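The values are calculated or read from the model by the stated rules, or taken from the named source; none is laboratory data. Given the structure is predicted, the values throughout are model-derived calculations rather than measurements. When we count neighbours, we look across all protein chains shown, and the Cβ atoms used for this are built from the backbone with ideal geometry, even at glycine. Surface accessibility is based on the protein's heavy atoms, side chains included, excluding ligands, DNA and RNA. Shrake-Rupley method; radii C 1.70, N 1.55, O 1.52, S 1.80 Å.
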Amino acid sequence: MNTLYKIVIFVLLSVGLQATSLKELINITLKNSSNIKSMSYLVKSKKETLKSVSNIYAPTLNIGASYSKLDIDVLPTQIGSTGVGFASFEMNLYDGGKNEATKRQKEYEYSASKFDKNAYTKGLLQQVTTFFFQIKNIEANLLAYNEKSKALEAQYKRAKQEYDMKMVTLDEVLKFKSALEANKYLIEELKYQKIDMLRNLSLLAGKSITKLDSSKLPNILNLQYQPSSHIKSLQAGLKAANENIKLAGVIKKPKIKLQDTISRYEYGDYDSKIIKDLPDTQNQFALTFSLNLYDTASKHKKESAKLAKLSKKEDLNYAKLKEKTLFELSKRKLQTQRTKIKSAKEALVSAKSVYKIIKTKYQNGIVDNITYLDALSKMITAKAEYLTSLNDYEIAKTNYYFNSGKDYKEILQFLK
């Protein structure tokens, strides 16, 4: 039983420590993100709003009832109580184009909401992917500085032994001790940064993420820019603004409404000898024509709608220019990052060679500990920069893919 318990604990721990791949992280985000769910509800809301105005004639059928009673100073020629039940049908035969413009406006707003959801989802996935490789950057730095700790620990112990044998002075031991403690402090800071970023990543993903694997993005070159969902949303918003101008002008147009009401009457408390031939049922048909000749609001409403459209048009122009600029910059950044990787790799090879030589010289007493510590620091820095440049290249690829304007579903196909 004790053995079985240990096996169960081992399995649970193994599952809990399983590293999350980039593809898994993205799928988790798509499934669990509260913000994506919120956007989905908003899209459904816009869809229902569109359905509510889909019939441009806006027919309505109402039923109702009323009861009235006279209590004081009731004349013999008056009816004491009257009950009425009615059914009324109304329909706009022509409303100046208001309902038609409203329907088109809601169609564009519904389309915009779908594009907004797509754009938000894409932006969130770009942020999540960037976080993934930023955390890998921290891990790369931890790897490098842990290696530095091992080297410093070894030299500290060696210097301490030599000090005990009166071969070196105390200041040499203290210099290694100081460098070791400073490096430990940096490692703890990096650990905190990793925890902080993992928690922020978990918040975005909607699920706890504790460990990441070594996923990489494939190399896909020569992508062509295309307008993103954000641009399409702004275009739909511009069309909706145009319909809003039409709505503002509807006030001045003629309107024709049809109404038909059938009523059923019940009477009480009256003198049937005086009041005779009361109707039991009546049907009232009405065809109404109206035309607004003057008002103080329609002119300003129309002008306001025109200015709102101009504002949206400027937003669209800026967004197009910004997207193209970001894409071109991300493409250039990709090329720059490849050059940085090559340079960082060469710098690391040189720093390792120098460190190896200086280490041998230090151990043979040819150079002092300051020279050794400088060589060690330069080698660790070079290693951290090289590993960081690899992850920065992945971030550059992320921005290149997402800034291209491609739908995020197409981008997901790139992942293994």
Every listed condition ((1) surrounded by 11 or more Cβ atoms within 10 Å (Cβ to Cβ); (2) part of a strand (DSSP E or B); (3) of a type outside the set (Lys, Arg); (4) out of contact with any Ser or Thr (no Cβ under 8 Å at 6 or more places or on another chain)) holds for Asp260 save (4)
For Val74, work out the one condition from (1) exposed (fewer than 14 other Cβ atoms within 10 Å of the Cβ); (2) modelled with pLDDT under 90 it doesn't fulfil.
(1)
Could you list, in sequence order, the residues of the stretch 150-184 that are surrounded by fewer than 17 Cβ atoms within 10 Å (Cβ to Cβ) and within 30 Å of Glu394 (Cα to Cα)?
Lys150, Lys184
If you scan the stretch 264-303, which residues turn out to be open to solvent by 100 Å² or more (accessible area, probe 1.4 Å), within 48 Å of the chain's Cα centre (by Cα) and among the charged types (D, E, K, R)?
Lys299, Lys301
Any idea which of Gln226, Gln235 is assigned to a loop (DSSP other than H, G, I, E, B) and within 28 Å of Ala308 (Cβ to Cβ)?
Gln226
Just a yes or no: is a residue in the stretch 116-137 free of Cβ contacts under 8 Å to residues at least 60 places away in the same chain, crowded, with 20+ Cβ neighbours inside 10 Å, of a type outside the set (D, E, K, R) and within 30 Å of Phe176 (Cβ to Cβ)?
no
Do the conditions hold for Thr371, that is, is it under 30 Å from Leu223 (Cα atoms) and free of Cβ contacts under 8 Å to residues at least 40 places away in the same chain?
no
For the stretch 351-363, name all the residues that are under 51 Å from the mean Cα position of the chain (by Cα) and exposed (fewer than 13 other Cβ atoms within 10 Å of the Cβ).
Ser353, Lys356
Just one of Ile380, Ile411, Ile370 is touching a Ser or Thr at 6+ places or on another chain (Cβ under 9 Å) and not in a loop (DSSP other than H, G, I, E, B); which is it?
Ile411
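When you check Ala112 against the structure, is it modelled with pLDDT of 90 or more, touching a Gly at 6+ places or on another chain (Cβ under 7 Å) and of a type in the set (Gly, Ala, Ser), yes or no?
It is true that Ala112 is modelled with pLDDT of 90 or more, touching a Gly at 6+ places or on another chain (Cβ under 7 Å) and of a type in the set (Gly, Ala, Ser).
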Quick test for you: out of Ile366, Ile395, pick the one residue that is under 27 Å from the mean Cα position of the chain (by Cα) and among the hydrophobic types (A, V, I, L, M, F, W, C).
Ile395
Report yes if some residue within the stretch 85-98 is among the aliphatic types (A, V, I, L, M) and open to solvent by less than 60 Å² (accessible area, probe 1.4 Å); otherwise report no.
yes
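Residues are listed down the side, and each one gets a yes or a no for (1) open to solvent by 40 Å² or more (accessible area, probe 1.4 Å); (2) modelled with pLDDT of 95 or more:
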site	(1), (2)
Lys191	yes, yes
Lys194	yes, yes
Leu198	no, yes
Leu201	no, yes
Tyr225	yes, no
Asn242	yes, no
